[in-house]
Structures are given as structure tokens and as C-alpha cells.
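The values are calculated or read from the model by the stated rules, or taken from the named source; none is laboratory data. All values derive from a computational prediction rather than experimental measurement. Positions of Cβ are backbone-derived with ideal geometry, glycine not excepted, and every protein chain shown enters the neighbour counts. Ligands, DNA and RNA are stripped out before the accessible areas are found, and what is left, the full protein with its side chains, is counted by its heavy atoms. Shrake-Rupley method; radii C 1.70, N 1.55, O 1.52, S 1.80 Å.
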Amino acid sequence: MKAGRLPSTKDLRAFEATVRLGSIKAAAEHLSLSPSAVSRRIQSLEEELGRQLFARDVQGLTLTEAGSYYAAQLQSVFQALEQATHAVRTQSKQRLVVLAPSNVSHAIVAQLDSFNEALPDIELILHVFPGAPGSGPGIAQADIAIAWGNKDWEGWRSRMMSPRGHLVPMC
């Protein structure tokens, strides 16, 4: 095997399932394969590694020293993969918290369908507040706050949305 090249994940999974379940037959049922397919995958893995992982005799399979070591390492790798996969599958949407005065909130609500269609993985949390910095509940937790004023608020990074005093909100 060339340095940096990993064995087939199908071969690794067949080996890991055989060790964990105690037999090729049980691993084959678990993986929805035939026992001969699982056996071929294990043999392919052994060829790839250049090491025998199982000692084979009339009583069945017994892990070799290399097989025991490899099985222990793969167990933690597969557990980590399962945890990562579960976390990604169940991960909640990203949240975008917006505070805006009622007239601006009304305009945002009118565009929610297109927002959700364009950005389905973002949950928009919209809070209505009077419009002056420091006047709304939860303003410190907001990602975006739309407020009235001259944009000179200490501690705030702000951007003028309309220089003429009227406002055209956009999502």
C-alpha cells in the first residue's frame, strides 16, 4: 500500500462488523451482503495491508495480533464517524436574529417566503422593537438591529441604509 493511501471503507466496514458481531455470517446480515462478499472484502483488506488480520481454522476466525490492534483502532474511528454523522443529521438550523421597528418588520415578514426558499438552512428570528439602540429587549443577542438615528452610536458598527431619512428595507 502506498503511503497516505487508505483502504476501501467497504473493506474496513466488513472487517469492523465481523469483529464486532463475532462472525462473517452476522456481519453479512448486518451489512446486507452475502457471507462470501464479506469474506472477500476482508481478504482484500488483508492484501491491501500486507498483514493477516484473522487466523482461519476449522473452528472459525480468530483475530491475529495485528487484527486485534487494527480492530481496536477502527472501533474508535467508526464511533467518531457515527457521532459526527448523527450530529450533522440532527444539527439545528443556523439562526439569524433580527430586531427591527414595526414598519420594517412588516416589510420583512412580507418577504419571508422568498427568504426561506433561498436560505432554507437559516431560521430567521424577528423581534419588533421601538427602533432606538438600547431600547429593545435582547438587543445584545441580535445579529442585526435596524434602528433610527444618525448612526453615531458608541460601541455599534452601523451602516446608513437611507441618507434621505426614509428607509427601504431589503432581505
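Of note:
- Probe 1.4 Å, accessible area per residue of the range 59-112, Å²: 71 Å²
- Rounded to the nearest 10 Å², the accessible area of Lys93 at probe 1.4 Å: 110 Å²
- With each label modelled as a point 7 angstrom along the Cα→C-beta vector, the Ala37-Lys25 pair spans 1.9 nm.
- Percent carbon-and-sulfur accessible area, the range 1-124, ignoring ligands, DNA and RNA, probe 1.4 Å: 51 percent
- Ligands, DNA and RNA excluded, the heavy atoms of His30 present near 100 Å² of accessible surface to a 1.4 Å solvent probe.
- Sequence of Glu46, Glu65, Glu123, Glu29 when ordered by accessible area, the most exposed leading, probe 1.4 angstrom: Glu65, Glu29, Glu123, Glu46
- Note on Asp113: accessible area approximately 130 square angstrom, rounded to 10, probe 1.4 Å, nucleic acids and ligands left out.
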